[in-house]
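Where a number appears in this text, it was derived from the coordinates with a stated rule and is not lab data. Not measured: the values here are computed from a predicted model. Glycine gets a Cβ as well: all are built from the backbone with ideal geometry, and neighbour counts include every protein chain shown.
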Amino acid sequence: MNTILNINKNDFDLACSKQPKYKAVAELIEQAILSGELSDQQKLPAQRWLADELGVTHGTVTRGYDLLEKMNLVTAKLGAGTYVNLPSAAVKPFSIKEYDFASSMQPMFGQQNLVKQALGELSEDIEAVEQLMTYAPQGVQKHKQVFVDWLANKKINIKCDDIIFTQGAQQGIYTCLQILTNEHDYVMHEAMAYPGFFRAVDATKLNPLSVPITSEGLDLTVLEGYCQQFKPKALYITPNMQNPTNVQYSKQMLAALIQLSHQYDFYIIEDDVNYCLPEHWRVPLQQQAPDRIFYLSSLSKYVAGGLRVAYAFTPKQYQHAFNLSIHSQCWMVSTMTIEVACRFLTKENFKYNQTLLANEMRYRQNAFSHFAEKYGLEIRNGGLNVWLVLPPEINMNQFSGFCASHNIKVRTADLFCHLSSSQQVVNGLRVSLGGFNTRSEFDAGLGKLEEAFANFNNQQDIVI
């Protein structure tokens, strides 16, 4: 078996500046595995040799290898060494039928191992299993305490009684609209917004008011005009990482929205589901005005959408109504997936997984920036997505169709607008970077996207 592994000393030193050395060893080897540099059943270097190469102790490398084994990425064979041990689904021959730049999701960089380990622990805990089989319409107290402690590390101060679990943030959006409005009321939203919000608006038979997006957040002149004319009941925003434009609201904008909420008596629905790199994430606006803001978040963009673990903070006067609405929709939110999440949220493996994902998204954002710079394209990087404004000569729908004919999926800006909106749609694309589970797949996908862009450009030149 080939044991060649090149770990750049500068990369190792940089990794060590952010975490213990043994975690840095594990991180760089995991990156090599997930990028395809190390293949399934390939033997890792001898621990003493790698320790000498990196200038660390033998024990440091041993702990790094042990961590990789706990993550089920390698297997130690007595007397034979340590070997890469990828799940069978990850070692299928590389053959992508479709290059998915449309689905906003995290790549699977170890989350499956977190869930697998949590399920294994739960299967051995019969008392916990019995508790999960008990009717608990208000949720399980120990689950709420885990989330309170975890959120405190994110500088979000909340009490157990203030957390309401939902089956995804979509249910939270619908519930907010259900308890805040009556049929035909008006609600304000960002001109381009999460399509699921529009579905909830249509389901509750509300009238949407589209507020133009600026580099600071929203056009406050238009918003205040709506307030004076229509007396809207709510404003839906994604201020930390606007979907799809990646605009991050300024502090002045957020302060103004709170003031206008009091002045015109509307509530703010703050959707904080979108993934945000740690260096850009901010404490929710809800912490400044808990009496005016409904805060929604989930693990969908940080772990996996299939978990359906989400949570809401509501003004105290609406907590009872919010719970009753959830009760009317699904009787009670399943506690099983919340239990699984609680078992990995506080683990070192989860923190490590999030570091790995953040590093990968930085790489992908940087790679897309190089592509955009090469062609002089205007972009705004975010977490999982890039907002790409196309030049006037390239129509977004024509380009999207051209991409589709080459098995490439992207999302056009008009998909983020309500059908009733009369505002001019920006000629742009939301390009999602997380739909590839390995770096090699992402690089191949980006190459295909660039090839499609160049070919489409050439066709346009010929027509001109």
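Protection proxy ranking for 340-351, 369-380, using the average of other Cβ atoms within 10 Å per residue and placing the highest first: 340-351, 369-380. What is the antiparallel percent of DSSP beta bridges lying wholly in the range 125-345, to the nearest 5? So the antiparallel bridges in the range 125-345 amount to around 35 percent. Rounded to two decimals, the Cα radius of gyration of the chain over 2.2 N^0.38 Å is 1.06.
Extension gain, residue 13 to residue 347, is 117.8 nm, computed as 0.36 nm per intervening residue step minus the present C-alpha separation. Checked against a 19 Å cut-off, the cross-linked pairs 21/70; 70/155; 116/409; 23/77; 409/448; 23/70 give Cα-Cα distances beyond that limit for 70/155; 116/409; 23/77.
Straight-line reach from residue 374: which aspartates and glutamates fall under 18 Å, measuring Cα to Cα and dropping same-chain residues less than 8 apart? Correct list for residue 374: 393, 443, 450, 451, 461.
Based on C-alpha pairs under 8 angstrom that are at least 6 apart in sequence, the range 94-226 has a relative contact order of 14 percent. In the range 125-345, inverting the average of 1/r over every pair of distinct C-alpha atoms gives 17.9 Å as the Kirkwood radius. Normalised by 2.2 N^0.38 Å, with N the number of residues, the alpha-carbon radius of gyration of the range 1-52 equals 1.11. As a length-normalised measure over Cα pairs under 8 Å and 6 or more apart, the relative contact order of the range 9-89 settles at 32 percent.
Within the straight-line cut-off of under 19 Å between alpha carbons, the aspartates and glutamates reachable from residue 159 are 149, 270, 272, 291, 339, sequence neighbours fewer than 8 places apart in one chain being disregarded.
Length gained on full extension, residue 250 to residue 370: 40.5 nm, using 0.36 nm per residue less the C-alpha separation. Summary of the geometry: the range 251-304 and the range 97-137, compared by the centres of their Cα atoms, lie 27 Å apart. Three semi-axes describe the equivalent ellipsoid of the range 190-272; taken as square roots of 5 times the Cα gyration tensor eigenvalues and ordered largest first, they are 18, 17, 11 Å. Taking the C-alpha atoms only, the angle from helix 21-35 to the longest principal axis of the chain is near 80 degrees. In the frame of its principal axes, the range 9-89 has Cα extents of 34, 27, 19 Å, reported largest first. Along the range 380-396 the Karplus relation, 6.51 cos²θ - 1.76 cosθ + 1.60 evaluated at θ = phi - 60°, assigns HN-Hα couplings of 9, 6, x, x, 8, 10, 10, 9, 10, 8, 7, x, x, 6, 10, 6, 4 Hz to successive residues, with x for each Gly and Pro.
The label-point distance for residue 355 and residue 6, in a model that sets each label 7 Å from Cα toward Cβ, rounds to 2.5 nm.
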